[in-house]
Amino acid sequence: MTMLCEEGGLLYANALRTGRIPRSDVEVAPCLMEFDLLHPDPDDPSWLRPVPPAIALAQRLNPIEHEISERRQLSIELADAFKPFMALSAQATTATHSITVLEGRDRINAALNLAADQCHTEMLTVQPSTRRTERSLLQGLERDKTLIERGVRIRTLYQHTARYSPEKLAYVDQLSKGKVEYRTIDELVERLIICDETVAFIPTRDDLEVALELRHPGLVRYLIKVFEFMWGRSVPLSAGAPYETAADGITDIQHSIAKLLVEGHVDEAIARRLGMNVRTCRAHIAKLAAALGSGSRAQLGFLIAESGILKHDGTEP
């Protein structure tokens, strides 16, 4: 127990004022005895006398100070033990540390937080439309707010489906007054975070339990070019809905679905790549089939190839 209960505090104060207190009164406040604030009256066992507060405080502090001293000594010993390894690390080549495997959410978040603390110019992020937990959203919000307060610019790419996510929109609204830009694009392959053209993070598993921390300048530059390529083809979140129907009667999202259908992807894979659920994806496929007059899935692929609609995004069938 670290805190004195309220009733115990009142009784102890009364005992200090009067010099003693009936033992029967203490039954409602066992914390007094746990804190050793009272001791039996040598003249009458039915009464208890208060231990002076200075003595009581010293009794509580002594073990804490002893533990602090032990931990301080342990930290010194650990630093001494790692000192020769730190020297070796400083002598190692840059390539040795260019790629680090991070296993587990805690270690990944710790590395992200450290990179964010050291970020002073710009953070680039690609966030596919997966449903994030409340804890994950709060961690991201706290990290981004700290960056914005330091004047760091943030550019984030979402999929078009993020425009219909209350969680994403609420998140964006919380940061709207800072140096932030949000854009959306139809398809994002994977998550990406880049800080100050110095370090990048990418996941290596779908469950996001393993990630790579990349500090090789060539790799980071390449990923920045990938980000800029997608950024140039994206739509500001503040702009109108990107799913407007084109002159051929096919929406932008349906053009994206058509391209993936021709490439041979199944519904589940298309939905995952475009950040939507399978039911929504199949509804778009049904509308696409109706627009092209298709009566079957096999015929739909043929009609997409024959229609020339993929020239809408520069993709040749």
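The values are calculated or read from the model by the stated rules, or taken from the named source; none is laboratory data. In this text the structure is predicted, and so the values were computed from the model without any measurement. Here Cβ is always computed from backbone atoms with ideal geometry, including for glycine, and neighbour counts include all displayed protein chains.
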Any residue in the stretch 124-145 that is farther than 30 Å from Val278 by Cα, of a type in the set (A, V, I, L, M) and at pLDDT 75 or above? no
Give me the pairs: first residue in the stretch 4-29 and of a type in the set (Gly, Ala, Ser), second residue in a helix (DSSP H, G or I), beta-carbon distance under 6 Å, and six or more apart or on different chains, which are they? Gly8/Cys31; Gly8/Leu32; Ala29/Glu7; Ala29/Gly8; Ala29/Leu11
Which residue is surrounded by the fewest Cβ atoms within 10 Å (Cβ to Cβ), if the candidates are limited to the stretch 191-205 and must be in contact with a Ser or Thr (Cβ under 9 Å, 6 or more places away or on another chain) and not acidic (Asp, Glu)? Arg191
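Scanning for something touching a Leu at 6+ places or on another chain (Cβ under 9 Å), surrounded by 10 or more Cβ atoms within 10 Å (Cβ to Cβ), free of Cβ contacts under 8 Å to residues at least 60 places away in the same chain and part of a helix (DSSP H, G or I), does the stretch 54-73 turn up at least one residue?
yes
Considering only the stretch 74-115, how many residues are touching a Pro at 6+ places or on another chain (Cβ under 9 Å), modelled with pLDDT under 90 and either outside any helix (DSSP H, G or I) or in the same structural domain as Val210 (by TED's automatic domain parsing) (or both)?
1
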Consider only pairs whose beta carbons are under 9 Å apart and that are at least six residues apart or on different chains; among these, list those whose first residue lies in the stretch 204-219 and is under 14 Å from Ile193 (Cα atoms) and whose second residue is part of a strand (DSSP E or B) and among the aromatic types (Phe, Trp, Tyr). Ala211/Phe201; Leu212/Phe201; Glu213/Phe201; Leu214/Phe201
Which of the residues spanning the stretch 1-52 are small (Gly, Ala, Ser), outside any helix (DSSP H, G or I) and loosely packed, with under 12 Cβ neighbours inside 10 Å? Gly19, Ser46
Single residue of the stretch 258-301 satisfying the filter (modelled with pLDDT under 80 and either surrounded by 15 or more Cβ atoms within 10 Å (Cβ to Cβ) or of a type in the set (A, V, I, L, M) (or both)) that is farthest from Glu190 (Cα to Cα): Ala298
If you go through Leu208, Leu188, the only one that is buried (at least 19 other Cβ atoms within 10 Å of the Cβ), assigned to a loop (DSSP other than H, G, I, E, B) and at pLDDT below 95 is Leu188
Would you say Ile224 is outside any strand (DSSP E or B) and of a type in the set (A, V, I, L, M, F, W, C)? yes
Being farther than 18 Å from Glu7 by Cα and at pLDDT below 85: is that true of Arg60 here? yes
